[in-house]
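Peer 1: Supplied in structure tokens, the structure appears directly below.
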Amino acid sequence: MNVRPRRLRATPAMRRLVAETRLNPADLVLPLFVREGSEPRPLNSMPGILQHTTESVRAAVNEAADLGLGGVMLFGVPDAKDAVGSGATDYDGILNQATRVVVAEVGDALVVQTDLCLDEFTDHGHCGVLDADGRVDNDATLLRYRDMAIAQAESGSELLGLSGMMDGQVAAVRDALDSQGFENTAILAYSAKYASAFYGPFREAVGSTLRGDRKTYQQDPANRREGLHETMLDLEQGADIVMVKPAMSYLDVLADVAAMSPVPVWAYQVSGEYAMIEAAAANGWIDRERAIFESVTSIRRAGADVVLTYYAPEIARTLREQP
Ligand code: PBG
């Protein structure tokens, strides 16, 4: 027997040297929630994560910059919601306001990104506007997304995260941005986004009032091939970056997309993935830190260039202490 793979696993230094995948703070993006009001609020279903205020978010983004993260993805949590999600296109809406605060604070150090979707702003909780029969109206929603894109670009967002899964949304937003002189505002397309139970805690995080589900616009978890189709359509429409979401239950889709995409491929370790690790660790059932590193490393290994993860600051801190 002359082939002994264990030789390369013998010491920590050797294992480190032959590791095929590494985590770097620059490859991580931190999602942040910003609410109206004067007090940050902890989230029950995401222990350790806050709904920030426009004041408390300053410290969070400065820490993110100090830790060398790649960027932050902002989500707005408005007090008032309505049928068309007016707060999304209001210059003084919470997300646009928070974007201006964060850009002023760390705009040079971090790529400031914004969620472009209506669900945080609608009283029915859907990602688009509804037609007379209560169905999500694709093309009427695109008109809202166009306006939302311009409001976000005007507020200084550099990268718009299109997470609504409307058909044609990338082309519509690209056209709207270009028509207003925002040729340099980039588009992150949530291309293969699945109707997932793992978004559960996010509903609390953005105060969602959704009844029903998103199965008529987000993808069926059963479909792998369709993830490629959605990605191809977004590439044709001009997506600058494509994303697969959630991450851990969709590593096959992620690997497929990574194999074919000419543009960067990102993945989102979503709220439920975070909550599962936290809950198991709180019960003493898994080693929390190892589970965090293993989960994010596996997402990178499957092909993600960048990972959106609520663990971004903690991973960066740990890497700094024990590189
Ligand atoms: C839509 C959006 C969602 C998430 C990010 N953008 C919720 C959904 O599609 O239902 C989920 C993120 C997470 O669960 O961490 N605006």
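Peer 1: Kindly provide the set of residues from the range 132-149 that are open to solvent by less than 30 Å² (accessible area, probe 1.4 Å) and either away from the ligand (no atom under 16 Å from the Cβ) or in contact with a Leu (Cβ under 8 Å, 6 or more places away or on another chain) (or both), ordered by number.
Peer 2: T141, Y145, M148, A149
Peer 1: I need the full set of residues from the range 105-156 which are out of contact with any Lys or Arg (no Cβ under 9 Å at 6 or more places or on another chain), of a type in the set (G, A, S) and free of Cβ contacts under 8 Å to residues at least 60 places away in the same chain, in order please.
Peer 2: G107, A109, A132, G134, A140, A153
Peer 1: Restrict the check to the range 57-69 and report whether at least one residue is closer than 23 Å to G156 by Cβ and more than 21 Å from the chain's Cα centre (by Cα).
Peer 2: So far as the range 57-69 goes, no, none of its residues is closer than 23 Å to G156 by Cβ and more than 21 Å from the chain's Cα centre (by Cα).
Peer 1: Given R317, R290, which one is in contact (Cβ under 8 Å) with a residue 60 or more places away in the chain, part of a helix (DSSP H, G or I) and not hydroxyl-bearing (S, T, Y)?
Peer 2: Exactly one residue qualifies, and that residue is R317.
Peer 1: Residues of the range 179-211 being near the ligand (Cβ under 8 Å from one of its atoms) and basic (K, R), which ones?
Peer 2: Across the range 179-211, the qualifying residues are K193, R203.
Peer 1: Follow-up. Condition first: closer than 22 Å to A195 by Cα, within 16 Å of the ligand (Cβ to nearest atom) and more than 15 Å from the chain's Cα centre (by Cα). Now tell me which residues in the range 279-303 satisfy that.
Peer 2: S295
Peer 1: Among the residues in the range 176-186, are any in contact (Cβ under 8 Å) with a residue 60 or more places away in the chain and open to solvent by 50 Å² or more (accessible area, probe 1.4 Å)?
Peer 2: No, the range 176-186 contains no residue that is in contact (Cβ under 8 Å) with a residue 60 or more places away in the chain and open to solvent by 50 Å² or more (accessible area, probe 1.4 Å).
Peer 1: Between a residue in the range 213-238 that is more than 16 Å from M166 (Cβ to Cβ) and any residue that is at pLDDT below 95 and not in a helix (DSSP H, G or I), which pairs come within a Cβ distance under 6 Å, given they are 6 or more apart or on different chains?
Peer 2: Within 6 Å, no pair qualifies.
The values are calculated or read from the model by the stated rules, or taken from the named source; none is laboratory data. What you see is a predicted model, and the numbers here were worked out from it, not measured in a lab. Positions of Cβ are backbone-derived with ideal geometry, glycine not excepted, and every protein chain shown enters the neighbour counts. The area values use the complete protein model at the heavy-atom level, side chains included, leaving out ligands, DNA and RNA. Shrake-Rupley method; radii C 1.70, N 1.55, O 1.52, S 1.80 Å.
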